[in-house]
Amino acid sequence: MEDTEDQMQQSELAVVEERNRMCDEFASITSTDNAVAQGYLAENDWDIERAVHSFFEADVETIPCDISPELDSNKKSNMKCGSEPLVCIDLTEEEPASGSSSTVEGGGSKVQTEPEDNSRFSVLTWNIDGLDITNPLERARGICSYIALYSPDVVFLQEVVPPYLSYLKKRAVSYTIVEGNEDCYFTAVMLKKSRVKLLKTEIIPFPSTSMMRNLLTVQASFCGIELHLMTSHLESTKNHSGERINQLKTVLTKIKEAPETSIVIFGGDTNLRDQEVAKIGGLPSNVCDIWEYLGKPEHCRYTWDTKTNHNLQVNYVSRMRFDRVFFRASKGGGQIIPQNMDLIGLEKLDCGKFPSDHWGIYCDFRVVL
């Protein structure tokens, strides 16, 4: 009889310990406390995934954001519009990316960065999938580690959410960060303070978007070279091809309107299919797709690849070149010339996931003053 009672007590203790662990995990993900966690978990039969979804869905319902039903249903339910950051991380002991020679960690190894070289210029564009709430802390750390490792002069980000923005502003102190919105999810441009001077910003709305998309433009200067930098997350899914093409036309119009004395670089998650670009007659003659300009390197062909990247855990294979970088040279003055392109974010993190469901594109340019 005593053995039976001991077994029952041990079983009850195990349940209590497991529920305490779940409360801690819920509180960490949602930036709440254990009392809130216990309430949501109890209401959802101690199913942590349902409880987290319930928490975020309650906040989304209070925000007047019209999210298209065509967006991935998991991403919709995970959005927390107008909220405080999900995770507050103290990174004051970690070294931010810097322009001086230093040692940073990235990809599991220590890499010695080189002193800044004005004969080179670099750009990173990356959809960081901030709408995915699984392992947000580790994935955010992964994103920042890649930025610190590559130390690009300009970073274009898509699917940024308020918690990620707060995290980046605290960690990437050597960058000026310009965001394309404040609520739900949005784009951002990061400029290395020691190299690129911010002059002016503008947000161009897409009037008929059903997914809160816009075009974020930044005027800046680098070594006396005038830059027009642009990023966007064009309308998603096959069914929204018409709207996506209209948005592409807006992007190309803004590139055309930029002064001829400036260099224009656009980087973003375009969601484009090649036939959609062909449908508008291709890119203008003075605008190039850098991947095509560099000879269509095979290792950079697919930026969204469910065959290799299993973050979404879908039961189909889709390999697409959704993420693209467009370039327009200036007439006269200093020039930057595309030299190389690589995909980044290809290593899994300790949590078993990649930093994002997209690969990032890192472009290196040669500077001619």
All but one of (1) surrounded by fewer than 21 Cβ atoms within 10 Å (Cβ to Cβ); (2) within 21 Å of ALA329 (Cα to Cα); (3) among the hydrophobic types (A, V, I, L, M, F, W, C) hold for ILE203; state the number of the condition that does not hold.
(2)
Can you tell me which residues in segment 324-338 are touching a residue at least 40 places away in the same chain (Cβ under 8 Å) and part of a strand (DSSP E or B)?
ARG324, VAL325, PHE326, PHE327, ARG328, GLN335, ILE336, PRO338
Restricting attention to segment 123-140, does a residue exist that is modelled with pLDDT of 90 or more, of a type in the set (A, V, I, L, M, F, W, C), open to solvent by less than 10 Å² (accessible area, probe 1.4 Å) and assigned to a helix (DSSP H, G or I)?
yes
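Given the options SER236, SER232, SER241, name the one that is buried (at least 21 other Cβ atoms within 10 Å of the Cβ) and either under 23 Å from the mean Cα position of the chain (by Cα) or among the aromatic types (Phe, Trp, Tyr) (or both). It would help to see each step written out before you state the result.
Working: SER236 fails: buried (at least 21 other Cβ atoms within 10 Å of the Cβ); SER241 fails: buried (at least 21 other Cβ atoms within 10 Å of the Cβ).
Only one candidate passes the filter, namely SER232.
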Restricting segment 166-181 to residues that are open to solvent by 20 Å² or more (accessible area, probe 1.4 Å) and touching a residue at least 60 places away in the same chain (Cβ under 8 Å), the residue that is nearest to ASP153 (Cα to Cα)
SER174
Which of the numbered conditions does SER210 fail, given that it passes all the others? Conditions: (1) in a loop (DSSP other than H, G, I, E, B); (2) of a type outside the set (Lys, Arg); (3) surrounded by 20 or more Cβ atoms within 10 Å (Cβ to Cβ).
(3)
Would you be able to tell me the number of residues in segment 145-157 that are within 13 Å of the chain's Cα centre (by Cα) and open to solvent by 10 Å² or more (accessible area, probe 1.4 Å)?
1
Can you name the residue in segment 308-327 that is closer than 19 Å to HIS233 by Cα and crowded, with 18+ Cβ neighbours inside 10 Å and, of all such residues, is farthest from the chain's Cα centre (by Cα)?
PHE327
Considering only segment 180-201, I want to know if a residue exists there that is in contact with a Pro (Cβ under 8 Å, 6 or more places away or on another chain) and at pLDDT below 95.
yes
Of (1) open to solvent by 10 Å² or more (accessible area, probe 1.4 Å); (2) under 27 Å from LYS254 (Cβ atoms); (3) among the small types (Gly, Ala, Ser), GLY360 satisfies every one except (1)
Out of all the residues in segment 165-196, which are assigned to a loop (DSSP other than H, G, I, E, B) and among the aliphatic types (A, V, I, L, M)?
ALA172, VAL173, VAL196
Identify all residues within segment 282-307 that are without any contact (Cβ under 8 Å) to a residue 12 or more places away in the chain and either open to solvent by 70 Å² or more (accessible area, probe 1.4 Å) or in contact with an Asp or Glu (Cβ under 8 Å, 6 or more places away or on another chain) (or both); write none if there are none.
SER285, GLU292, LYS296, GLU298
Lone qualifier among GLY268, GLY334 - being under 28 Å from CYS144 (Cα atoms) and open to solvent by less than 50 Å² (accessible area, probe 1.4 Å):
GLY268
Would you please list the contacts, defined by Cβ atoms under 7 Å and residues six or more apart or on different chains, that run from a residue in segment 26-51 that is within 23 Å of GLY130 (Cα to Cα) to a residue that is open to solvent by 60 Å² or more (accessible area, probe 1.4 Å) and not hydroxyl-bearing (Ser, Thr, Tyr)?
ALA27/ASP33; ALA27/ASN34; SER31/GLU84; SER31/CYS88; ILE48/GLU25
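The values are calculated or read from the model by the stated rules, or taken from the named source; none is laboratory data. Since we're looking at a predicted model, the values are computed, not measured. Counting neighbours? That spans all protein chains shown, and the Cβs are built from the backbone with ideal geometry, glycine included. Note: accessible area is taken over every heavy atom of the protein model, side chains too, but ligands, DNA and RNA are not part of it. Shrake-Rupley method; radii C 1.70, N 1.55, O 1.52, S 1.80 Å.
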